[in-house]
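**Student:** Attaching a single structure in structure tokens format; questions to follow.
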Amino acid sequence: MSAQLSFAVLGAGSYGTALAVLLARNGHSVQLWARNSQHVVEMQQAKQNTKYLPDVAFPDNLSVTDQIDVALKHHPIILVAVPSHAFRDTLYLIKPLVNQDSKLVWASKGLDPDSGDLLGNVLKNILGDNMPHAILSGPTFAKEMAIGMPTAITLAANNDDFAEQLALALHNERFRVYTSDDIVGVQVGGAVKNVVAIGAGIADGLGYGANARTALITRGLAEMTRLGVAAGGKQETFNGMAGMGDLVLTCTDNQSRNRRFGLALGKGANRDEAEHAIGQVVEGVRNAKEVKMLAERLGVEMPISDAIYRIIYEGVDARQAAHELLTRDLKSEG
């Protein structure tokens, strides 16, 4: 186990909470920050996050606060786990509080909602290019991670020392970290897989079966890879945990909110009904628009992602969109 470190974990949803618990169990000092003061009071009293991660007790070295200055004071490693659409605002919030000792890692999966830009570019624009930073992404369901089930994840960083420090801080006998230097590729994988997972859910909701789901995952991976390479990522990244691994997990298990959202659409629910039934942020809804912006800017063809966008934002019937995908002109696989 690594030397004790101090972390500020920003975002007390299920994933941020699970990461905070993991770090605290590994012996590190952790301040978990949430914007909602009532939620903070509830967590402080219950010593767990009953709203998003019930029955997972907080270790004694995990504290909860709604004061951002308290969260960051004496906690130089900042782990941002807010939904991707809140990433920019969170960075502006912490900007006056960071200093030369600050380091930042984010676990938000998605792109900037206003521009479709990579979150790493948003970080550089707001906090500068010199801060050690990293992204954590891969096939991880918060509940399984929090209760200690075996998990593997990818960590990509701009600084080798920071990557090693983080990997050691997170690693234990049930949590394995694979390091990478492909920050761009890991970001693209985390955004596109959410969109494809909605598609997998739609296909299953329509009753199309395992053959169609497998084809959609395979072609979704091809789309993800094309976009990632065009954005500057490495092709091999998409064959790993942050690409194929995360895609398969999110498309095939009903713990995935994106998949459940797609299932509801496939069974006839509209967007609002599907989101309301899930009761938490469905990242893929915004990601569909963000991925479309990035793909159009880079000139990358994304037929599956485009179909998901049209279903969500243009009200195209899911069965009609699936028919259009299946009847596209024949082409070679690639």
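The values are calculated or read from the model by the stated rules, or taken from the named source; none is laboratory data. Quick caveat, the model's predicted, so the values are computed rather than measured. Heads up, the Cβs are rebuilt from the backbone with ideal geometry, glycines too, and the neighbour counts pull from every protein chain shown. Side chains are part of the model used for accessible areas, which takes the heavy atoms of the whole protein and leaves out ligands, DNA and RNA. Shrake-Rupley method; radii C 1.70, N 1.55, O 1.52, S 1.80 Å.
**Student:** Of the residues Ala295, Ala210, Ala197, which exhibits the maximal mean-square fluctuation in a Gaussian network model of the chain defined by a 10 Å Cα contact cut-off?
**Tutor:** Ala210
**Student:** Next question, about the same structure. Amide H to amide H, which residues 5 or more places from Thr154 or on other chains are under 5 Å from it, using H placed in the peptide plane?
**Tutor:** Ser137, Gly138, Tyr178
**Student:** Would you mind giving the three semi-axes, in whole Å and largest first, of the ellipsoid equivalent to the range 1-128 according to its Cα gyration tensor?
**Tutor:** 23, 17, 13
**Student:** Per residue, how much accessible area does the range 184-327 have with a 1.4 Å probe, in Å²?
**Tutor:** That works out to 41 Å² per residue.
**Student:** Could you check the simple spin-label distance between Leu93 and Glu164, using points 7 Å along Cα→Cβ, in nm with one decimal?
**Tutor:** Calculated label separation equals 3.4 nm.
**Student:** If r is the Cβ-Cβ distance from Lys289 to Ala3 and R0 is 41 Å, what FRET efficiency results, to the nearest 0.05? Spell out each step's value before the answer.
**Tutor:** Details: r = 43 Å, r/R0 = 1.04.
Using R0 = 41 Å, I get an efficiency of 0.45.
**Student:** Just reorder Met149, Met241, Met43 by solvent-accessible area, largest first, 1.4 Å probe, all chains present.
**Tutor:** Values: Met149 85, Met241 65, Met43 5 Å².
Heavy-atom accessible area, descending, gives Met149, Met241, Met43.
**Student:** Under a crude label model (7 Å from the Cα following the beta-carbon direction), how far is Leu298 from Thr50 in nanometres?
**Tutor:** Output for this residue pair reads 4.5 nm.
**Student:** Please determine, in degrees from 0 to 90 and to the nearest 10, the orientation of helix 209-230 with respect to the longest principal axis defined by the Cα atoms of the chain, where the helix direction is its Cα long axis.
**Tutor:** Taking the Cα atoms of the chain, the angle to 209-230 is about 70 degrees.
**Student:** What would the Debye formula give as log10 I(q)/I(0) at q = 0.11, 0.17, 0.18 Å⁻¹ for the alpha-carbon point model of the range 184-327, no solvent?
**Tutor:** -0.34, -0.83, -0.94
**Student:** Could you sort Lys109, Lys292 by accessible area so the largest value comes first, with the probe set to 1.4 Å?
**Tutor:** Lys292, Lys109
**Student:** At a Förster radius of 35 Å, what calculated FRET efficiency corresponds to the Cβ-Cβ distance of Asp69 and Ile278, to the nearest 0.05?
**Tutor:** Working: r = 33 Å, r/R0 = 0.94.
It comes out at approximately 0.60.
**Student:** Evaluate the charge dipole of the range 6-181 about its Cα centre and quote only its size in Debye, nearest 20, assuming +1 on the Cβ of each Lys and Arg and -1 on the Cβ of each Asp and Glu.
**Tutor:** 340
**Student:** Could you list the residues of the range 296-324 with an amide nitrogen less than 18 Å from a label point located 7 Å from the Cα of Ala215 in the Cα-to-C-beta direction?
**Tutor:** 302-308, 318-324
**Student:** Mean residue ellipticity at 222 nm from the helices of the chain, using -39,500 (n - 2.57) per DSSP H segment of n ≥ 4 over the full residue count, to the nearest 500 deg cm²/dmol?
**Tutor:** Calculated mean residue ellipticity at 222 nm is -15000 deg cm²/dmol.
**Student:** Report the residue, chosen from Gly128, Gly148, Gly266, that carries the largest GNM mean-square fluctuation when the chain is represented by alpha-carbon nodes joined by springs under 10 Å.
**Tutor:** Comparing Gly128, Gly148, Gly266 in the GNM, the peak value goes to Gly128.
**Student:** Okay, moving on. Amide H of Gly110: which non-local residues (sequence gap of 5 or more, or other chain) have their own amide H closer than 5 Å, using H built in the peptide plane?
**Tutor:** It is Ala191, by chain and number.
**Student:** Any idea of the accessible area per residue across the range 11-106, 1.4 Å probe, to the nearest Å²?
**Tutor:** Spelled out: the 1.4 Å probe surface of the range 11-106, per residue, equals 44 Å².
**Student:** What is the mean projected area of the alpha carbon convex hull for the range 19-81, to one decimal in square nanometres?
**Tutor:** Average of the hull's projected areas for the range 19-81 equals 4.0 nm².
**Student:** Return the carbon/sulfur percentage of the accessible area of the range 6-181, one whole number, probe 1.4 Å, all protein chains in place.
**Tutor:** Ligands and nucleic acids excluded, carbon and sulfur reach 44 percent.
**Student:** Here's another thing I want to ask about it. Helix 37-46 sits at what angle to the longest principal axis of the chain, using alpha carbons and giving 0 to 90 degrees rounded to 10?
**Tutor:** 70
**Student:** Sticking with this one: Quick check: net charge around Leu123, other residues with Cβ under 15 Å of its Cβ, Lys/Arg +1 and Asp/Glu -1?
**Tutor:** On the way: positive: Arg88, Lys95, Lys103, Lys109, Lys124; negative: Asp89, Asp112, Asp114, Asp117, Asp129.
Local net charge: 0.
**Student:** Continuing with this model, one more query. Going down the table (Lys73/Lys289; Lys47/Lys95; Lys73/Lys292), which pairs top 32 Å between alpha carbons? Display every interim value, and only then the final one.
**Tutor:** Details: Lys73/Lys289 36 Å; Lys47/Lys95 29 Å; Lys73/Lys292 39 Å.
Distance filter (> 32 Å) returns Lys73/Lys289; Lys73/Lys292.
**Student:** In the chain, if the dipole is taken from +1 on Lys/Arg beta carbons and -1 on Asp/Glu beta carbons about the Cα centre, which of Leu294, Ala212, Ala86 is farthest to the positive end?
**Tutor:** Ala212
**Student:** Please identify which residues in the range 15-33 have an amide N closer than 20 Å to a label point set 7 Å out from the Cα of Ala57, following the Cα→Cβ vector.
**Tutor:** 17-32
**Student:** Can you work out the PRE-style zone for Ala230? Point 7 Å along Cα to Cβ, and I want the residues of the range 157-185 with backbone N under 16 Å.
**Tutor:** So the set is 185.
**Student:** Mean-square fluctuation check for the chain, GNM, Cα pairs under 10 Å: which of Leu79, Leu206, Leu247 is largest?
**Tutor:** Leu206
**Student:** Turning to a different aspect of this structure: Taking only Cα atoms, what is the 0 to 90° angle, nearest 10, from helix 257-266's long axis to the longest principal axis of the chain?
**Tutor:** Tilt relative to the chain: about 20 degrees.
**Student:** From the backbone phi of the range 139-156, what are the Karplus-calculated ³J(HN,Hα) couplings (6.51 cos²θ - 1.76 cosθ + 1.60, θ = phi - 60°) in whole Hz, Gly and Pro given as x?
**Tutor:** Per-residue couplings from phi come out as x, 9, 8, 4, 4, 4, 5, 5, 8, x, 6, x, 9, 10, 8, 9, 10, 10 Hz.
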